[in-house]
1. Being over 27 Å from residue 6 (Cα atoms), surrounded by 13 or more Cβ atoms within 10 Å (Cβ to Cβ) and modelled with pLDDT of 95 or more, is that true of even one residue in the range 33-48?
2. How many residues are part of a helix (DSSP H, G or I) and over 18 Å from residue 268 (Cα atoms) when one looks only at the range 286-317?
3. Based on what the data block shows, is residue 184 surrounded by fewer than 18 Cβ atoms within 10 Å (Cβ to Cβ), on the phi < 0 side of the Ramachandran plot, among the acidic types (Asp, Glu) and in contact (Cβ under 8 Å) with a residue 40 or more places away in the chain?
4. For the range 5-21, check the following and say yes or no: at least one residue is in a helix (DSSP H, G or I) and surrounded by 16 or more Cβ atoms within 10 Å (Cβ to Cβ).
5. For residue 417, indicate whether it is surrounded by 13 or more Cβ atoms within 10 Å (Cβ to Cβ) and under 16 Å from residue 497 (Cα atoms).
6. Can you tell me which of 454, 465, 492 is charged (D, E, K, R), buried (at least 18 other Cβ atoms within 10 Å of the Cβ), out of contact with any Cys (no Cβ under 7 Å at 6 or more places or on another chain) and within 18 Å of residue 435 (Cα to Cα)?
7. Of the residues that sit in the range 93-127 and are without any contact (Cβ under 8 Å) to a residue 24 or more places away in the chain and in contact with a helix residue (DSSP H, G or I) (Cβ under 8 Å, 6 or more places away or on another chain), which one is surrounded by the most Cβ atoms within 10 Å (Cβ to Cβ)?
8. Do we find that residue 338 is in a loop (DSSP other than H, G, I, E, B), under 22 Å from residue 233 (Cβ atoms) and outside the structural domain of residue 152 (by TED's automatic domain parsing) in this structure?
Amino acid sequence: MHHHRSAIFLDRDGTLIEDAGVLCKPEDIRLFPDTVDALRQLQKNYLLFVVTNQPGIANGLVTASQVAEINKSLDGILSHEGVHVIHWYVCPHDRKDLCQCIKPNPAFLLQAATDYELDLRQSFVIGDHPHDVLTGEAAGAFGLYLLTGHGPKHLDELPQDKLIFHTLGDAAGWILKHPNAGRDITCDIQLGAQAICRGGLVAFPTETVYGLGADVFNTAAVARIFEVKKRPLHNPLIVHVSEQRQVKPLVTHISKTAQKLMERFWPGPLTLVLPKADLVPDIVTAGNSTVAVRMPANKWARELITLSQTPVAAPSANAFGRTSPTTARHVEDQLHGGYDVLIDGGACRVGIESTVLSLAGGMPLLLRPGGVSQEEIVEITKAIEIFHPQNKIGKRFESPGMMLSHYAPSTPLRLVDDVKPYANRSDVGVILFQNSTICFESPAFVLSPGGDLREAAANLYQVMRKLDAMGLSLIVAQRAPDNGLGAAINDRLNKAAVKSPPNCQNRA
């Protein structure tokens with residue numbers, strides 16, 4: 001009996017190399033920085049294949065021989081680096097040709113399974129288009145989605161239960177730790193639920209940022225969250241639910257406006273502040289008469305809550321006041337094991353915290369901009385008031401994220417309209433909202449080359465962390481447009497830029 005082998009099927013453009021549109025010349029090949037290292041790691045346990053759609057051939061934009069020459073050249077580059085790709089599969093057709101080999105049809109995967117005796121159930125597909133993930137699904141393999149190439153552009157087309165990663169290297173690391181893919185995540189979620197039931201802490205993914213969760217009704221477990229994060233007790237936690245029916249015991253009243261907002265935006269990145277029921281411990285709400293509640297869109301988060309059989313109180317899984325975590329690695333780097341279970345669900349889709357809206361008074365009050373825009377909320381509420389942190393009196397807060405200083409890297413950060421004056425400073429890192437013609441002496445990262453607010457939000461904390469690790473004297477960030485998600489991006493950068501006095505309590 002033959003031992004069937006496992007494989008990794010990789011897209012080409014936007015996954016292994018930068019997507020240059022229709023690539024015609026080998027000299028235009030640009031590998032991503034971590035491509036070689038990621039493939040070296042993967043080939044220790046997996047056979048490597050490339051599966052690429054090249055509709056430019058059918059449309060007369062490039063010839064089949066040119067594509068073959070590019071693949072041969074790329075194969076040579078990888079071989080020189082010790083990476084061996086077993087086979088390069090190319091679909092030369094346009095989608096309207098209705099062929100069987102264009103992704104998401106799994107024909108090439110099935111052919112490879114026959115030719116190379118592969119076990120597709122133990123194999124993976126990696127790419128920057130939903131069709132890559134769906135190809136894997138159709139063949140019984142597990143698909144991973146990258147935010148490189150066209151990944152950000154097509155993210156809305158990807159079902160919520162699919163895993164996303166910032167880079168090929170991140171995806172490779174996840175595969176090596178989760179060889180059984182979905183079964184490994186399910187096991188981690190079960191372990192997480194068991195930990196919550198016995199009073200433990202679990203770091204888990206949501207669509208916004210990673211959370212550090214405990215049973216909302218277990219005051220000792222909730223107190224440990226504050227201890228691990230070094231979080232002041234006057235800053236309340238958000239309570240996460242997996243079903244709307246879990247909200248009712250937590251509150252005294254659900255208004256018609258609250259119900260409409262839940263129906264429109266849940267599950268999703270909107271937190272509602274509602275009148276609190278006595279059942280909710282005061283430590284969760286910082287002694288307020290209100291409680292902040294949301295239902296995350298992330299499938300794994302909701303499964304964790306459901307299996308735990310209790311709402312889960314959870315702030316972001318980072319050291320208090322610091323940059324929020326959007327990957328499991330970020331959690332490990334900041335909390336150093338101060339949790340019982342860490343569920344690695346890849347990168348967070350939205351990448352910034354939820355919008356917080358208080359419905360505890362008369363007019364709906366926007367306490368924190370986030371993943372749902374003010375404009376979207378006003379479509380339901382018709383009117384809205386905006387909270388300004390500088391007008392806050394007293395220490396008690398109705399929700400997280402209301403402090404003037406928050407989300408900060410260790411390196412000082414400055415939010416500016418014009419980054420040009422810093423172009424010649426080699427000690428200053430730069431965060432650009434979109435592509436710029438300015439040449440910088442120091443590291444400069446672009447949140448969204450095309451100026452897309454969703455892409456910029458998803459990349460914000462990742463970029464802040466990269467620059468923070470470079471030993472720079474200053475980070476300057478270019479202000480984003482102040483509409484839609486841009487308001488939330490600027491809010492986070494503004495709060496990260498506020499410098500607190502030494503030993504200030506809100507900069508743990």
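The values are calculated or read from the model by the stated rules, or taken from the named source; none is laboratory data. Everything numeric in this text was worked out from a predicted model, so none of it was measured. Note that each Cβ is placed from the backbone with ideal geometry, even for glycine, and that neighbours are counted across all protein chains shown.
1. Step one: of the range 33-48, the residues over 27 Å from residue 6 (Cα atoms) are none.
Among the residues of the range 33-48, not one is over 27 Å from residue 6 (Cα atoms), surrounded by 13 or more Cβ atoms within 10 Å (Cβ to Cβ) and modelled with pLDDT of 95 or more, which makes the answer no.
2. Here is the first cut: in the range 286-317, the ones part of a helix (DSSP H, G or I) are 299-308.
Retained after the next criterion (residues that are over 18 Å from residue 268 (Cα atoms)): 307-308.
Final tally of qualifying residues: 2.
3. Values: surrounded by fewer than 18 Cβ atoms within 10 Å (Cβ to Cβ): yes; on the phi < 0 side of the Ramachandran plot: yes; among the acidic types (Asp, Glu): yes; in contact (Cβ under 8 Å) with a residue 40 or more places away in the chain: no.
Here the answer is no, as residue 184 does not meet what is asked.
4. The initial filter retains those residues of the range 5-21 that are in a helix (DSSP H, G or I), namely none.
Scanning the range 5-21, I find no residue that is in a helix (DSSP H, G or I) and surrounded by 16 or more Cβ atoms within 10 Å (Cβ to Cβ), so the answer is no.
5. Working: surrounded by 13 or more Cβ atoms within 10 Å (Cβ to Cβ): no; under 16 Å from residue 497 (Cα atoms): yes.
Here the answer is no, as residue 417 does not meet what is asked.
6. Values: 465 fails: within 18 Å of residue 435 (Cα to Cα); 492 fails: within 18 Å of residue 435 (Cα to Cα).
Answer to the check: 454.
7. 101
8. So residue 338 fits the description; yes.
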